[in-house]
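For reference, the structure is listed below as C-alpha cells.
The values are calculated or read from the model by the stated rules, or taken from the named source; none is laboratory data. Just so it is clear, the structure is predicted and the values come from calculations on it, not from any experiment. Glycine gets a Cβ as well: all are built from the backbone with ideal geometry, and neighbour counts include every protein chain shown. Areas reflect the complete protein model, heavy atoms only, side chains present, ligands, DNA and RNA absent. Shrake-Rupley method; radii C 1.70, N 1.55, O 1.52, S 1.80 Å.
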Amino acid sequence: MALHAAPFSSPLLGFLSGLSWALVFPCYWLLDRLLASFLSTSQEKRRRSQDPCSFLALCVLVSTPLYLLLILAALPLALLGFLLWAPLQAARRPYAYSHRRADARRAEQGGGGGGAAAAGAQGEWRPQGRSFCFCSANVCLLPDSLARFNNLSDTQGRAREVGRRIRNGASRPQIKIYIDSPTNTSISAASFSSLVQPGGGGFRRTSSLDHRPDSNGEAEPREGGGGPGPGPGGEECPPPADCPTNPVAGGGAQTQPEPPLQPAGVQISISAPEPEPEEDPAGPRPTGGEGADAGSLDSRTASRESLARFHGCDGGGVSNNTLSHRTSVFKKPALRRRRHGDDGFDHEISAFFPANLDFLCLQEVFDRRAAAKLRRQLHRYFPFVLSDVGRYAWKGCCSRFKFLNSGLLLASRYPILDADYQCYPNARGHDALVSKGALFAKVQVGTSLQEQRIVGYLTCTHLHAIEGDSAVRCEQLDLLLEWGAEFRRATSRPAGDKGLEDQVAFDVLLGDLNFDNCSSGARGEQQHVLFTHYKDPCRMGPGEDKPWALGTLLDPSGLYDEEVSSPESLQKVMENEEGRKEYLVYPTSKNQCSSLKGRKIPLKGNGRRIDYILYSEEGLQQDWKVDVEEFSFITQLAGLTDHLPVAVRLAVATGEEEP
C-alpha cells in the first residue's frame with residue numbers, strides 16, 4: 001500500500017475541491033455562528049450573570065436578522081460549490097499523510113529534526129528490547145455550534161492549545177529517580193517536576209501548562225510573561241553538574257557515565273528532549289472566554305511530575321535505565337520491582353502527558369481549520385501524521401451522505417510504512433452523518449541483524465456513540481477484528497519483496513469505544529471476543545475494572561468549575577474518591593437520575609471508562625513478549641475537552657540477554 005500525501009491524486013482535482021469549499025465556507029461559517037449565538041456554555045452564562053451590562057437578548061435580536069441576510073446572500077455560491085464539491089469526494093483518498101522533514105543544518109550541528117531522529121532510531125534495535133509509549137484522547141473539535149452541546153466553545157483556540165499542551169508534556173525532560181536499596185520504596189510518588197535549580201536549591205516545581213523553551217535556544221513567548229524561559233527572570237534553569245542529562249543527537253541514544261549517587265542513596269537521571277525546528281507563530285492562546293478557563297491557561301500552580309518513577313533493583317544495585325528521547329532501555333521484566341501488588345506495573349493520575357510519547361491517537365478532530373492548527377502544533381514533536389481521515393458525501397459502503405469525516409488523527413515519532421481506512425457501514429441516527437471507522441497503520445521501529453524490518457501495528461477507531469445501540473457497536477467490533485487481520489496479512493512483507501516477513505513488535509488498539517465496563521446495558525460489548533485477542537490493562541474481567549481504573553468521561557456541566565479548571569486541580573479531584581464523583585459520568589440506572597451534581601445516591605465504581613488502549617500478544621515474534629510498564633490517566637487537557645486522555649508504556653522483550 002502507498003501512503004497518500006495529498007487527498008487527491010491529481011492537482012487539478014485538489015484545486016477544484018479547494019475552490020468548491022471556498023464557495024461553501026462563507027455560508028457554513030455564518031450558519032455555525034448563528035447557531036452558536038443561541039447556545040451558551042456554563043462559563044459564558046456565569047460571566048453574563050456577573051456583568052450588569054450584559055444584554056444577550058438584545059444582541060441576539062440584532063445579530064440574528066443580520067446573520068440570516070448574509071446567509072441568504074451567500075447561499076447561491078454555497079449551492080454552486082456544493083454541486084462541485086460532492087461529486088469530487090468520490091475520488092478523494094481516505095486520509096492525508098504529512099511528514100515534517102529534518103533541517104539538514106541543524107542535523108549537522110547535532111540538533112537533529114524530528115524526521116532525522118526518527119530515522120536514526122528506527123535503525124537501532126537493542127537485543128534486549130525496547131519500550132514504547134502510546135496515548136489516546138478524544139478532543140471534541142467539532143464545529144463551534146455542535147461543540148457547545150458538550151459545553152465547549154472556541155474550537156479554533158482549543159485546537160491550538162490542545163496541540164501545545166500535548167507537545168509541551170511529551171517533549172519535557174523525563175526524570176527518573178532510583179533508590180539505592182531493594183526494600184526502601186518509601187519516597188512518595190508525588191515527586192516534584194522538572195529541572196533542578198542552579199545553586200543547589202533543590203527542585204523547582206513547574207506547571208503542566210508552562211511553555212517549554214524550544215530546542216533551538218529560543219523560547220516560545222507566553223502572554224503576559226516577561227521572559228522567554230521558565231526560569232526566574234526569564235532565564236532557563238540549566239541542570240547542575242551532578243544531575244547530568246542524556247542528550248540525543250540525530251536520534252541515537254548517547255551512553256553517559258552513571259550519575260553519582262546522592263548522599264541519601266538516591267540517583268537522579270534526566271533525559272533531555274529532542275531538539276525541534278522552529279515554527280511560524282500560531283497565534284495567541286485561547287482566553288477564558290474562548291473555550292478554556294483563564295485560570296487554567298495562565299496557571300503557575302505547582303504540579304507533580306507526571307511520570308517520575310521510583311524503582312529499586314534486586315541485589316541493592318542502582319539501575320541506570322535512562323529513557324532516550326524516544327524509547328526506554330529496560331531490564332528483563334523479572335528484574336523490575338513491582339510497585340502495586342498484583343498489577344505488576346505503575347499506574348497514576350498525571351497532570352502531564354507522558355514524556356517521550358511515541359504514538360498519539362486523537363478522536364473527534366472534525367473541524368478542518370482546527371485540524372490544520374492542531375497538526376501544525378503536533379508536527380513540532382511528531383514527524384509523521386495521518387489526518388483528515390474518512391469519507392465525505394457518498395462513497396462505497398458509506399451509502400449515507402457524510403457531512404463530517406471520521407475525526408481520527410494519528411501522530412507518530414516512527415516512520416509510517418502503510419496505512420488503510422475502513423468506514424463502518426452500520427451507523428444509525430446522527431452518527432450516520434459522520435464517517436466513523438477504523439484507521440490502520442504499520443510503523444517501522446527498527447531493523448534486525450538479519451536486515452528484517454521490525455514493525456508495529458496501530459489501530460485507531462471511534463465507535464458508534466448512541467448509548468442504547470449495543471448491537472451496532474458489537475457489529476463494529478466484529479468488523480474491526482476482520483479488517484485488522486486483513487491489513488496485517490496484506491502488509492506482512494515489504495512491498496514487492498519476496499524475502500523475509502517483517503518482525504512484529506506490537507499490535508495496539510486505541511480509541512473511544514463508547515462503552516464502559518460497568519454499565520449493565522453494555523454486556524454484549526464487555527463480553528465481546530475482542531477481549532480474547534486484545535488485553536485491557538485496566539480490566540479484571542467482563543463488567544469489572546481494577547480498583548484503580550478511572551472513568552474517562554467528564555460531566556460537561558462541571559468543566560469550568562474552579563475545582564477542576566486547571567490540570568493540577570483536576571488531578572487532585574480525580575485522586576479523591578468523593579471529589580471525582582462530582583465530575584465523572586457514572587452509569588445511569590432506574591434508581592439514578594442523569595444529573596451528578598449534588599447526588600446523594602451512593603455511586604459504585606469510578607465512572608464510565610470509554611477510552612481504551614488495548615494490546616495483543618498474538619502474531620508477535622516467537623519468544624517476544626509485551627509487558628505493561630506504566631498506565632496513566634491524564635488531566636493536562638482540563639477545560640479543553642470532556643474526556644480524560646489515557647496513556648500506556650509497553651515494554652517489548654525479545655528474550656535475549658543484554659550484552
1 or more residues open to solvent by 10 Å² or more (accessible area, probe 1.4 Å) and at pLDDT 90 or above: qualifying helices (runs of 4 or more DSSP H) within region 79-175: 144-147, 155-171
message: Give me the residue from region 437-454 that is polar (S, T, N, Q) and assigned to a strand (DSSP E or B) and, out of that set, most open to solvent (accessible area, probe 1.4 Å).
response: T447
query: Of all residues in region 459-469, which are surrounded by fewer than 23 Cβ atoms within 10 Å (Cβ to Cβ) and either of a type outside the set (D, E) or closer than 30 Å to E501 by Cβ (or both)?
result: A465, I466, G468
- request: Take region 521-538 and flag every residue that is within 25 Å of the chain's Cα centre (by Cα) and open to solvent by 40 Å² or more (accessible area, probe 1.4 Å).
  value: H533, K535
- line: Note on M540: of the conditions (1) touching a Leu at 6+ places or on another chain (Cβ under 6 Å); (2) within 23 Å of D627 (Cα to Cα), unmet is (1)
Condition broken by L357, with the remaining ones in (1) open to solvent by less than 10 Å² (accessible area, probe 1.4 Å); (2) in a strand (DSSP E or B) satisfied: (2)
message: Which pairs turn up if I take residues in region 123-150 that are over 28 Å from G456 (Cβ atoms) and look for partners that are of a type in the set (F, W, Y) and at pLDDT 90 or above with beta carbon separation below 6 Å, at least 6 apart in sequence or on another chain?
response: L142/F366
query: Looking at Y421, Y381, which one is touching a residue at least 12 places away in the same chain (Cβ under 8 Å), more than 25 Å from R167 (Cα to Cα) and hydroxyl-bearing (S, T, Y)?
result: Y421
message: If G579 meets every condition in (1) at pLDDT 90 or above; (2) open to solvent by less than 30 Å² (accessible area, probe 1.4 Å) apart from one, which number is that one?
response: (1)
- line: Among (1) at pLDDT 80 or above; (2) open to solvent by less than 30 Å² (accessible area, probe 1.4 Å), R369 falls short only on (2)
Lone unmet requirement of (1) surrounded by 20 or more Cβ atoms within 10 Å (Cβ to Cβ); (2) over 21 Å from K442 (Cβ atoms) for L650: (2)
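Residue-by-condition table, conditions (1) more than 25 Å from L570 (Cα to Cα); (2) buried (at least 23 other Cβ atoms within 10 Å of the Cβ); (3) at pLDDT 85 or above; (4) not hydrophobic (A, V, I, L, M, F, W, C):
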| site | (1), (2), (3), (4) |
| --- | --- |
| N591 | yes, no, no, yes |
| L603 | no, no, no, no |
| G607 | no, yes, yes, yes |
| Q622 | yes, no, no, yes |
| T635 | no, yes, yes, yes |
| V646 | no, yes, yes, no |
| P659 | yes, no, no, yes |
message: Looking at region 390-404, can you tell me whether even one residue there is open to solvent by 20 Å² or more (accessible area, probe 1.4 Å), among the charged types (D, E, K, R), touching a residue at least 60 places away in the same chain (Cβ under 8 Å) and over 25 Å from D502 (Cα atoms)?
response: yes
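On the basis of being at pLDDT below 90 and over 26 Å from L477 (Cα atoms), does D561 make the cut? I'd like the intermediate steps shown before the answer.
On the way: at pLDDT below 90: no; over 26 Å from L477 (Cα atoms): yes.
Here the answer is no, as D561 does not meet what is asked.
Does T641 satisfy the criteria of being of a type in the set (V, I, T), at pLDDT 90 or above and either over 30 Å from G446 (Cα atoms) or open to solvent by 50 Å² or more (accessible area, probe 1.4 Å) (or both)?
For T641, the condition - of a type in the set (V, I, T), at pLDDT 90 or above and either over 30 Å from G446 (Cα atoms) or open to solvent by 50 Å² or more (accessible area, probe 1.4 Å) (or both) - is met.
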- prompt: Looking at region 503-520, is at least one residue free of Cβ contacts under 8 Å to residues at least 60 places away in the same chain and either under 24 Å from T641 (Cα atoms) or open to solvent by 20 Å² or more (accessible area, probe 1.4 Å) (or both)?
  reply: no
